[in-house]
Amino acid sequence: MARRGVGSLANIDLNLLVILRELLREQNVTRAAQRVGVTQPAASAALGRLRRHFGDELLERTRTGFVLSPLGEKLAAEIEPVYLSLERLFSPEPEFHPEDTEREFTILTNDYVLAAFGEQLSRTLHAAAPHARLSVKVAKGELPADLPETLRGIDAIISAPKSAFKVDEIHGRELFRDHWSCVVAADNPVGGRPRLADLERMPWVIPNHPDDGYPASSPLAPVLAELSTQPQVAVRVDSYQATPYFVAGTDRVAVMQHRLAAQFADRGDLRILPYPGDPPPIVEILWWHRKNTDERTHTWLRTVLSTAADGLREPERGIHGGYAAGADDLLPNPAP
């Protein structure tokens, strides 16, 4: 079906946005109807109106069910921040009561942060707001290119500091710190305290490595900068938590965040060793758009996130990059 021109906003029934969101999420008319609270025929009729509006099938039938069309895939990637912005616009909360709120909070982060911080966040948020909903989006590799625009549509990003965050629209606060450790197989002949020279001769497993080189954007850039020669990358994997599985039973090494590496310490086929160099600490920052700085609900959310991280702050081992341990002030212009 050829796509036709989209009419003006004045000619659009914004109620269709609700069913469009669930259709794109569920890729199933019946389940979308259940989530919205309408009948299946009503959801089918809404899908028909959406197809006519966009001039596209959106959901395409296959032998095993429905799949998103290319336009459906594009809309699925764009609809969430639009929906959340409209929800906040038309459903303001003049009085915010955490114990009663059913608001959905959206956070973008990576799987390392979830491993180190996810359980504490879940417990703390549930205790403070048992009916609140949480949408956690897991970034693989690079963060979105337009970070201010991304933060306009979601509540927060939790990430290490990067130069892309150094813009006036973005504010930040330190959540927790970590340091690097080495993970090797139990029978690896390297000693209990490896040297940098040992790491240089061993093949590496590297998570979320942008390309075949050693770019400054690599999460391990501070570690790699300490080596006199760049290591051989034996495995690149788009997951921090999957990294140790490609070390076990091999002569490889992975340099990992200690909080994550420690979760594999009880495996008999792996050893967790101290990293021999002295790179800057790993600093994870809570980032948000400045438009939310004084918003009451968002201020409460930042307090919840900080409370959840209270037990995770790394003991001070030197200040790097302008971040003081336990800093509680805004960081609108962080160091790269």
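Here, each number is a calculation from the coordinates, and none is a lab measurement. Here the structure is a predicted model, which is why all the values come from computation and not from measurement. Reconstructed Cβ throughout: ideal geometry from the backbone, glycine too, with neighbour counts over all protein chains shown.
Annotations for the structure displayed:
- Nearest 10 degrees, 0 to 90: helix 296-308 Cα axis against the chain principal axis: 30
- In the chain, the alpha-carbon atoms span a convex hull of 178 Å³ per residue.
- For the chain, leaving out every one of the GluC sites (Glu not before Pro) that falls in a DSSP loop and has at most 10 other Cβ atoms within 10 Å, the longest unbroken run is 103-336.
- Between the Cα long axis of helix 70-90 and the first principal axis of the chain there is an angle of about 80°, rounded to the nearest 10.
- Split the chain at each of the trypsin sites (Lys or Arg not before Pro) in a DSSP loop with at most 12 other beta carbon atoms within 10 Å, and the longest piece is 196-316.
- In the stretch 33-97 the Cα-Cα distances spread across 10 Å bins starting at 0 as 17, 37, 33, 10, 2 percent of all pairs.
- Choice from 125, 16, 273 showing the highest fluctuation, given a GNM over the chain with Cα pairs closer than 10 Å: 16
- Choice from 70, 219, 207 with maximal GNM fluctuation in the chain (Cα, 10 Å cutoff): 70
- Annotation: amide H-H contacts under 5 Å for residue 270 (H modelled 1.01 Å from N, sequence separation of 5 or more, or interchain): 186.
- Rounded to the nearest 20 debye, dipole of the chain from Cβ charges on Lys, Arg, Asp, Glu: 820
- 5 angstrom amide H check on residue 250, placed H, neighbours 5+ away: 185
- Close amide H contacts of residue 237 (hydrogens built in the peptide plane, cut-off under 5 Å, sequence separation of 5 or more or a different chain): 206, 208, 209.
- Residue-count net charge about residue 269 - beta-carbon cut-off 15 Å; Lys, Arg +1, Asp, Glu -1: 0
- In the chain, helices alone account for a calculated mean residue ellipticity at 222 nm of -8500 deg cm²/dmol, with every DSSP H run of four or more residues adding -39,500 (n - 2.57).
- Seen against the Cα atoms of the chain and their longest principal axis, helix 40-54 is set at about 80 degrees.
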